[in-house]
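A.B. asks: Have a look at the structure that comes next, please.
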There are 2 protein chains.
Amino acid sequence: MPMPMPLSRLFGLLAAGLLALPATAVSPPAAPSPSDPAAPLTPAALAEARALRERALNDDTAYELIRSLTTEVGPRLAGSPGDARAVEWAVRNLKALGFANVRAEPVTVPRWIRGEARAEIVAPWPQTLMVAALGGSVATPEGGLEAEVVPVTSLDDLKAQPRERIAGRIVFFTGRMARSQDGSGYGKTVPPRGTGAAEAAKLGAVAMVMRSAGTSSGRTPHTGAQRVANGIPPIPALALSNPDGDMLERQLATGQPVRLRLVNTSRWDGEAQSANVIGEIPGRSHKDEVILLGAHLDSWDLGTGAHDDGSGVAIVTAAAKLIGDLKQRPKRTLRVVLYANEEFGLSGGKAYAAAYQGAIDKHVLGLESDLGAFRPFGLSARVGPDRLPLVRAMQSVLEPLGVAYTGTEASGGADLGPLRELGMPVMDLDTDAIPYFDLHHTAEDTFDKVDPALVRQNVAAFAAIAYLAAEAEGGFGRLPVAPKPAEQPKP
Amino acid sequence: MPMPMPLSRLFGLLAAGLLALPATAVSPPAAPSPSDPAAPLTPAALAEARALRERALNDDTAYELIRSLTTEVGPRLAGSPGDARAVEWAVRNLKALGFANVRAEPVTVPRWIRGEARAEIVAPWPQTLMVAALGGSVATPEGGLEAEVVPVTSLDDLKAQPRERIAGRIVFFTGRMARSQDGSGYGKTVPPRGTGAAEAAKLGAVAMVMRSAGTSSGRTPHTGAQRVANGIPPIPALALSNPDGDMLERQLATGQPVRLRLVNTSRWDGEAQSANVIGEIPGRSHKDEVILLGAHLDSWDLGTGAHDDGSGVAIVTAAAKLIGDLKQRPKRTLRVVLYANEEFGLSGGKAYAAAYQGAIDKHVLGLESDLGAFRPFGLSARVGPDRLPLVRAMQSVLEPLGVAYTGTEASGGADLGPLRELGMPVMDLDTDAIPYFDLHHTAEDTFDKVDPALVRQNVAAFAAIAYLAAEAEGGFGRLPVAPKPAEQPKP
């Protein structure tokens, strides 16, 4: 959870006061500060990071990568033909951009086929509703199903219902996601998506529908993954667009029984081979020490994954490429990891952590880009406590981008979760989650929604941070090792 | 075409200067003006109009009518079950609101069944495109069709192509509609929708696709009617959403041949009976003289016709109802006409004009609401030239709503076109067309997009204008009779 802006802005100014900023920086004048002979970043390294930042603000490599990925590959749901094309695309592009050690490391992914989903109100007033099957939904019986709707506000509300009220009916989760810069509304709305159908099935429901876990005001529902339910025969689970959720609520508000008819043909189809695609900018001295830059190559299938996570793929790739073009590369190796199947169970993140856990201590820091290409506003870090001055020095280079220091609660992103739990420090570039959750997991996540200026700002921040992380004396400490990796809610 | 704002604003101030405004009016102080013993509006009538305006700003009758129509009826394409339900709804509601002479006058309408439309790019890079059949489109052959795409920028560009470039291919109209307050971009973009498929068929094209004639940035295409092509075997015609038009253009921009696969199952299904629904607020003295308040009851079928034209239905109904509730009704009769099938050939507008042409001279003035419930900014009038001072006096009552005088180019709306061509004077309340054309004829035209405050402002303007028109001494003159009624492009 990012800190409130006034405090984080204050920290940003404090950090800025510790360092000499270039004359062009949009930042208050630096206050006099004690010299620090043990500073982990040399003036030359800070100057190089500022130059990278400015170069990135005039470079459209990332924007063109998003255009290419969305136009030539498009949707790339794990295990689909688009997923396989995305792996080829990533290997080809990393090689073309001059990355070393480019490889596709196989990852086994589940395969789920969407099919078609339709919903209509049958009574009291017939209306067609726009819906999308949630990831992993089973099909309705041949010919569909029809039942009365029971609205519930939350998982707790559902669990409080007597079985006779739920059995044989369709449960409707009515919760609406709130918009906020930090995206905190998502975590509050997503639990019914994860386990709502399973909980409804326990009480005998024949299907589950939910208001989308997302803030789009359009009729494009937000899909997303459910958690696997153990031992309960699954029921179909569909997301309604927000306007269609409104329609259903308006009919329910009249007090008359509301009957829905649902048809869904999605199904599981075993497993498929995908891959984590990896490319490196080798360090000039500490080649075995890695700064990991992550993003996920897969996407949901309704849009073309322009923001989620085409932009992340492009941002980390373009940032590393800019660093690779330097006359003198930083000490450590930058490793770009484009993960397989983040959306449907973190297959790539888990596979990478399993494959590299023997080298976990060489993973000096990890950053992921998986919140789209929107306005950056904060840098947070989960690192060794004595390394926070280093983080603030890094953040000071981002001040001209409007990036404040936002605290110590960084997550590192979903794909990096397993590595973080093994002790790898992480940072987050916090970006505006309001527009992101308007199109997240919907058909609207397309290239036309990408602003090249915002893409450049994200690349500038990633390039500066990655460079400094690869150059910083002494690294970032280690995090406590979690007892056992657990699934993280993903943004 | 509304006049440029600075000039129209100037006219508004001039008009305001001719009249005493109430102290609460948001308007510059009135300049001294000569008294006008022949003024067609008494101070009492003007005061009553201002009171109506204020009452309307505190009344949600119209908003609740939109809620009811969209929730309980929903889509109501001419000849569909929803259309029949809409006629029942309108008769029931006009009666419940106290209208006199409520009746449904039968209108024969064409019936077209949408079916399902799908489009995908087959090569060079497979992508699913979101499309909607244009109204009146024929089906593709069983199993669909596949062909190379030829982009053209306009009808003229198409006509300049050699037959061998078009024959056997799919013509793609690339023109993009510009946003503007007066909606003038629509008229420039809509011609390919009207006749593009017919012109392409003349050159041997197998289908036509077009970038939507609308400004939505979402993946919800804008449908709309084609004109009937005489003598040319029709070809399927589909609208692409703007983002999907972008995708197709990006693939074409690579210079590689682009192949599309189209499936469309729409079809004609003869004719059906619908109705113009009419209700009246009888005048206190000149009962046979009519102020006609129009809107259309039908809608396209992708959304629920909340703005187009549910809002119009509600605005004219609520405005007339407010006038009907007065202790002293105005001299003339207010006639609310909720037209059948505006969208698909103006069946209701033509039928009304045919049925009432003998009484055309008793149609003193007509106004239609068919641009959604958005911010009103202008009043224009097409009336006898000596009646413009009366128009300006009426407009002055709308000044507190931000409504300026916008000139003499009023159209009266599509349904009133046939009456205007028979000589009936018309006025237009000009409203902001920018948000309107973002959702016009798309799935997004739903109740959640309706702002109750803007609905009230529209009702306030219609109520004041309708009251003053029904009270004004001497009427509005007559317009020259057009040689022969022609089809009007409809907003």
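A.B. asks: Please state the relative contact order of chain A as a whole percent: Cα pairs under 8 Å, 6+ residues apart?
C.D. replies: Worked out over chain A, it gives 23 percent.
A.B. asks: Just how much of A:Glu48 is accessible, in Å², when a 1.4 Å probe is used and the result is rounded to the nearest 10?
C.D. replies: Roll a 1.4 Å probe over it and A:Glu48 shows about 50 Å².
A.B. asks: Using a 1.4 Å probe on the protein heavy atoms, what percent of the accessible area of region A:171-257 belongs to carbon and sulfur? Don't skip to the end; give the middle numbers.
C.D. replies: Working: 1550 of 2880 Å².
It is 54 percent, rounded to a whole number.
A.B. asks: Over region B:278-360, what is the relative contact order in percent, taking alpha-carbon pairs closer than 8 angstrom and at least six residues apart?
C.D. replies: 44 percent
A.B. asks: Could the peptides A:434-440, B:231-237, A:246-252 be put in order, highest first, of the mean number of other beta-carbon atoms found within 10 Å of their residues?
C.D. replies: Answer by packing, highest mean first, reads A:434-440, A:246-252, B:231-237.
A.B. asks: Still on this structure, I have one more. Pull up the cross-link candidates among the lysines for A:Lys159, meaning alpha carbon to alpha carbon under 27 Å and not fewer than 8 places away within one chain.
C.D. replies: A:Lys188, A:Lys202, A:Lys490
A.B. asks: Moving on. Calculate the mean, over all residues of peptide B:72-80, of how many other protein chain Cβ atoms lie within 10 angstrom of the residue's Cβ.
C.D. replies: Mean shielding count: 2.
A.B. asks: List the residues of region B:112-138 whose accessible area drops by at least 50 Å² when all protein chains are present, compared with their chain alone, using a 1.4 Å probe and counting only protein heavy atoms.
C.D. replies: Relative to the lone chain, where solvent access is computed with a 1.4 Å probe, region B:112-138 loses at least 50 Å² at B:Trp125, B:Gln127.
A.B. asks: Could I ask something else about it? Rounded to the nearest Å, what's the spacing between the alpha carbon centres of region A:246-277 and region A:95-140? Just the number, please.
C.D. replies: 12 Å
A.B. asks: Over all residues in A:440-446, what is the mean tally of Cβ atoms on other chains that come within 10 Å of each residue's Cβ?
C.D. replies: Values: counts 0, 0, 2, 8, 6, 2, 10.
Whole-number average of other-chain Cβ neighbours for A:440-446 is 4.
A.B. asks: Output the pairs from A:Lys321/A:Lys362; A:Lys95/A:Lys350; B:Lys287/B:Lys449; A:Lys327/A:Lys362 with a Cα-Cα distance over 27 Å in this structure; if there are none, say none.
C.D. replies: B:Lys287/B:Lys449
A.B. asks: Report the accessible area of B:Trp125, computed with a 1.4 Å probe over the heavy atoms of all protein chains in place, in Å² rounded to the nearest 10.
C.D. replies: Spelled out: B:Trp125, probe radius 1.4 Å, area about 50 Å².
A.B. asks: Sorted from shortest, what are the nm distances separating the label point of A:Glu88 from equivalent points in the other copies, each placed 7 Å from Cα along Cα to C-beta?
C.D. replies: Here A:Glu88 shows inter-copy label distances of 5.6 nm.
A.B. asks: How much accessible area does B:Lys449 have with a 1.4 Å probe, in Å² rounded to the nearest 10?
C.D. replies: 50 Å²
A.B. asks: Would you please name the GluC sites (Glu not before Pro) within region A:93-172 that are DSSP coil residues with at most 12 other C-beta atoms within 10 Å of their C-beta?
C.D. replies: The qualifying sites are A:Glu116, A:Glu142.
A.B. asks: Here is a follow-up. What are the ³J(HN,Hα) values, in whole Hz, obtained from phi via the Karplus relation 6.51 cos²θ - 1.76 cosθ + 1.60 with θ = phi - 60°, for each residue of region A:434-448 in sequence order, with x given for Gly and Pro?
C.D. replies: Running phi through 6.51 cos²θ - 1.76 cosθ + 1.60 with θ = phi - 60° gives 5, x, 4, 7, 6, 10, 3, 6, 10, 5, 7, 7, 10, 4, 4 Hz.
A.B. asks: If you don't mind, another one. Measuring from a point 7 Å out along Cα→Cβ, what nm distances, shortest first, does B:Ala167 have to its partners in the other copies?
C.D. replies: Spelled out, the distances from B:Ala167's label point are 7.0 nm.
A.B. asks: Something else now. Mind listing the phi-derived Karplus ³J(HN,Hα) values for region B:182-191, rounded to whole Hz, using 6.51, -1.76 and 1.60 with θ = phi - 60°, and x for any glycine or proline?
C.D. replies: 8, x, 5, x, 5, x, 7, 9, 7, x
A.B. asks: Starting at the first residue of region B:133-143, write each ³J(HN,Hα) from the Karplus equation 6.51 cos²θ - 1.76 cosθ + 1.60 with θ = phi - 60°, in whole Hz, x for Gly and Pro.
C.D. replies: 5, 6, x, x, 4, 7, 7, 6, x, 3, x
A.B. asks: With a probe of 1.4 Å, find how much accessible area chain A has per residue, and write the answer as a whole number in Å². List each step's numbers first, then the result.
C.D. replies: Details: 17660 Å² over 491 residues.
Roughly 36 Å² per residue, with all protein chains present.
A.B. asks: With a/c under 1.5 counting as rounded, go ahead and sort the protein assembly as shown into rounded, prolate or oblate using the C-alpha gyration tensor (a ≥ b ≥ c being the square roots of the eigenvalues; past the cut-off, prolate if a/b is larger than b/c, else oblate).
C.D. replies: prolate
A.B. asks: I need the shape label for region B:380-446. Rule: rounded when a/c is under 1.5, else prolate if a/b > b/c, else oblate, with a, b, c from the alpha carbon gyration tensor.
C.D. replies: It is oblate, given that a/c is not under 1.5 and a/b is not larger than b/c.
A.B. asks: Helix check for chain B. Which DSSP H runs span at least 27 Å along their own axis by Cα, with a mean Kyte-Doolittle hydropathy no less than 0.0?
C.D. replies: B:452-471
A.B. asks: Further, regarding this structure: Where the centre of each part is set by its Cα atoms, how far does region B:337-392 sit from region B:167-236, in angstrom?
C.D. replies: Their Cα centres are 27 Å away from one another.
A.B. asks: Average partner chain C-beta neighbours within 10 Å, per residue of A:416-423?
C.D. replies: Counting other chains' Cβ atoms within 10 Å and averaging over A:416-423 gives 0.
A.B. asks: Relative to the present Cα-Cα distance, how much length would full extension add between A:Ile232 and A:Asp386 at 0.36 nm per residue of separation?
C.D. replies: Net length gain for the segment: 50.6 nm.
A.B. asks: Given the convex hull over the Cα atoms of region A:108-243, what projected area results after averaging over all orientations, in nm²?
C.D. replies: Numbers: hull surface 36.9 nm².
The number I arrive at for region A:108-243 is 9.2 nm².
A.B. asks: Quick one: in chain B, whose Cβ comes closest to the B/A rotation axis, and how close in angstrom?
C.D. replies: Spelled out as residue then distance in Å, it is B:Gly218, 3.
A.B. asks: Where the centroid of each part is defined by its Cα atoms, how far is region B:47-75 from region A:429-445 in Å?
C.D. replies: The two parts, judged by their Cα centres, are 36 Å apart.
A.B. asks: Find every distance from the label point of B:Pro106 to the corresponding label point in the other copies (7 Å from Cα along Cα→Cβ) and write them in nm, one decimal, shortest first.
C.D. replies: Those separations, rounded to one decimal, come out as 7.3 nm.
The values are calculated or read from the model by the stated rules, or taken from the named source; none is laboratory data. Quick caveat: nothing in here was measured; it's all calculated off a predicted structure. As a convention, Cβ positions derive from the backbone with ideal geometry for all residues, glycine included, and neighbour counts pool all protein chains shown. Accessible surface is based on the protein model in full, side chains and every heavy atom, while ligands, DNA and RNA are left aside. Shrake-Rupley method; radii C 1.70, N 1.55, O 1.52, S 1.80 Å.
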